[in-house]
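Input: a single structure, listed below in structure tokens.
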Amino acid sequence: MDFEKPGIGAQFSQLGYLLKNTFTIIGRDKDILSPIIRMSIYATLVVVLFFAGVAAIVVGMGGTGTLLLLAMVVAFIYKFFYYNHQELRLSRLIYDTACGRDATLQNVRKELADLKGRARILGLIDMAGAWVAMRRGNGGFFVRLVLGTLVEIWDLVNHFLLPVFAIDKLSFRDGGARLRSLKDHVPETLVGVFGIDIMAGVVRSVLVPLYLIAIILGIILGLAFGGVMPAAFSAGRLGDLFGSIPDALPFNEQTLFNWLPLFVLVLLTFIGNAILARLVTAIKVIYFTLFYTRIAHVDALASDIRHELDGYLNLGGGDASAGDTSASGPAMGQS
């Protein structure tokens, strides 16, 4: 399998194209929004628990702050399992919608009730992947390269495994065999995008400027209104922090700086980061579910979707028609 990592310009182009067509898919059945909303709310909860715990400790409520931080740790660990459950449901909802069926969350829960074990294993592997992602900053160039490649490969394999489990309910062994056979069944119009690393790093590219803006704005507001904000977040006078202040600056040694504006703005930016990451994940789940369906279950697709799908899967860069190329074969177990 060839893995292609597009440049940042191509990533933003892909994101715009995928967003436009993703809204079209979601418009067919609003139930698709449910897993996306739930993941976004959960991601926000994890961030809020952390910042609320820190804030409670700062204002002198150490016991409450400790409990909030412990709750955040539990929520952070559980998120790996929760997200996989929701992503499996999202994948199944997309498949049912693409096949012209009325997809409901209640029916999907029943359909996927026997996949809890696989969801837990995916969660454990995701947890290990998160640990590897944190560790890849340590070590030499070769170690960082290897660990970074492993993280990207798992991200792709994970998003292909979701529809394998959600649609065909295969085991890990059979799912791995199915993935190995996929490339031989990719139609010519889609060969160039098989294994593409969609939107790699796009969240980071979007959020880095926002973090910088939040930090600068937080510092400005903390200086401008430091004297009227809660004393618990006060950093003190600038003269005590830095000594002398140049006369050319619009503040002096007596100016009070308060951390609260910076704290709030960084909180909002973290929430935005968490929600955007969930939205990008949802887009990838939708994309790879439709990709898998196009390859493994092309005859099950609703006719109006089948003729438009290749243009979507090609990210707008190829022939928009599905053509007559059939991706099905005896090995694919087409429904």
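The values are calculated or read from the model by the stated rules, or taken from the named source; none is laboratory data. Because the structure is predicted, anything quoted here is derived from the model rather than measured. Counting neighbours? That spans all protein chains shown, and the Cβs are built from the backbone with ideal geometry, glycine included.
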So which residues in the stretch 224-265 are at pLDDT 90 or above, surrounded by 19 or more Cβ atoms within 10 Å (Cβ to Cβ), part of a helix (DSSP H, G or I) and of a type outside the set (Phe, Trp, Tyr), if there are any at all? Leu260, Pro261, Leu262, Leu265
Output the qualifying pairs, or none if there are none: Cβ atoms under 7 angstrom, residues six or more apart or on different chains, first residue in the stretch 205-230 and within 22 Å of Leu241 (Cα to Cα), second residue of a type in the set (Phe, Trp, Tyr). Gly222/Phe257; Gly222/Trp259; Leu223/Phe251; Leu223/Phe257; Gly226/Phe257
Any residue in the stretch 285-305 that's among the polar types (S, T, N, Q): show its pairings with residues that are surrounded by fewer than 20 Cβ atoms within 10 Å (Cβ to Cβ) and part of a helix (DSSP H, G or I) at Cβ separation under 8 Å, as long as the two are six or more apart or on different chains. Thr293/Ala300
Quick one: how many residues across the stretch 1-36 are at pLDDT below 65, among the hydrophobic types (A, V, I, L, M, F, W, C) and exposed (fewer than 15 other Cβ atoms within 10 Å of the Cβ)? 3
Selected residue (only one of Gly175, Gly192, Gly148 is surrounded by 12 or more Cβ atoms within 10 Å (Cβ to Cβ), at pLDDT 70 or above and either assigned to a helix (DSSP H, G or I) or among the hydroxyl-bearing types (Ser, Thr, Tyr) (or both)): Gly175
